[in-house]
Amino acid sequence: MRIVHLSDLHFNPLYDNENIIKTTLFLENAIKDGFDHLTISGDIAHNADKTSFEIFRNMLKKYDLLDSKKASITIGNHDIFGGVFTVKDLFNFPERCRKTDYDKSVSVFISHFEELFLDCYFPSKNSIFPFAKILRDKVIIG
């Protein structure tokens, strides 16, 4: 089984579209070369914003990868708490993390990629993470 892995995309549409362009080129090349499953391991957004999730969701949809049998995704810390841009952000970041509604952030993330969590096994009834997904003779754990 050929697995392609993406991580730390850090989409930041307000400040920089470079990572969005690079991810598009990566997916196009990966599709051309062929693979069986795409794994995405967090930090889709740089600043936990819905716009970044929507951009990536549309990208997956465009390439017919918004399918649990074709792709798996897990959340990253930037998808929950965001990141820093300026020195001021650096000093305010601990308080920002304390005020972040963790469960709401996870829920927003999941709502953008819910198709990728079909066919998963969840050890906890209260959370989607961690999960396991069986793909032929392989297991993806997120």
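The values are calculated or read from the model by the stated rules, or taken from the named source; none is laboratory data. Source: prediction; values computed, not measured. Cβ atoms come from the backbone with ideal geometry, glycine included; neighbour counts cover every protein chain shown. With ligands, DNA and RNA removed, areas are computed over all heavy atoms of the protein, side chains included. Shrake-Rupley method; radii C 1.70, N 1.55, O 1.52, S 1.80 Å.
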Criterion violated by Val108 - all others in (1) loosely packed, with under 14 Cβ neighbours inside 10 Å; (2) part of a helix (DSSP H, G or I); (3) among the hydrophobic types (A, V, I, L, M, F, W, C) satisfied: (1)
Residues satisfying the stated conditions in region 1-20, i.e. open to solvent by 30 Å² or more (accessible area, probe 1.4 Å), modelled with pLDDT of 95 or more and either outside any loop (DSSP other than H, G, I, E, B) or of a type in the set (Val, Ile, Thr) (or both): Ile3, His5
Contacts under 7 angstrom Cβ, first residue in region 106-126 being more than 26 Å from Asn47 (Cα to Cα), partner outside any strand (DSSP E or B) and of a type outside the set (S, T, N, Q), 6 or more apart: Asp119/Lys69; Cys120/Phe131; Tyr121/Phe131; Phe122/Ile128; Phe122/Phe131; Pro123/Pro130
Selection count where residues are among the polar types (S, T, N, Q) and either part of a loop (DSSP other than H, G, I, E, B) or more than 23 Å from Ile128 (Cβ to Cβ) (or both), scope region 41-61: 1
Residues that are surrounded by 16 or more Cβ atoms within 10 Å (Cβ to Cβ) and within 25 Å of Thr51 (Cβ to Cβ), drawn from region 111-128: His112, Phe113, Glu115, Leu116, Phe117, Ile128
Subset of region 41-58 [modelled with pLDDT of 95 or more, among the hydrophobic types (A, V, I, L, M, F, W, C) and either more than 12 Å from the chain's Cα centre (by Cα) or open to solvent by 30 Å² or more (accessible area, probe 1.4 Å) (or both)]: Ile55
Extreme residue, least open to solvent (accessible area, probe 1.4 Å), among residues of region 21-40 that are assigned to a helix (DSSP H, G or I) and hydroxyl-bearing (Ser, Thr, Tyr): Thr23
Pair list, Cβ under 6 Å, 6 or more apart: region 70-92 residue without any contact (Cβ under 8 Å) to a residue 40 or more places away in the chain, other residue part of a helix (DSSP H, G or I): Asp79/Phe109; Ile80/Ser105; Phe81/Cys97; Val84/Leu90; Val84/Phe93
Of all residues in region 62-96 being assigned to a loop (DSSP other than H, G, I, E, B) and among the acidic types (Asp, Glu), the one that is most open to solvent (accessible area, probe 1.4 Å): Asp64
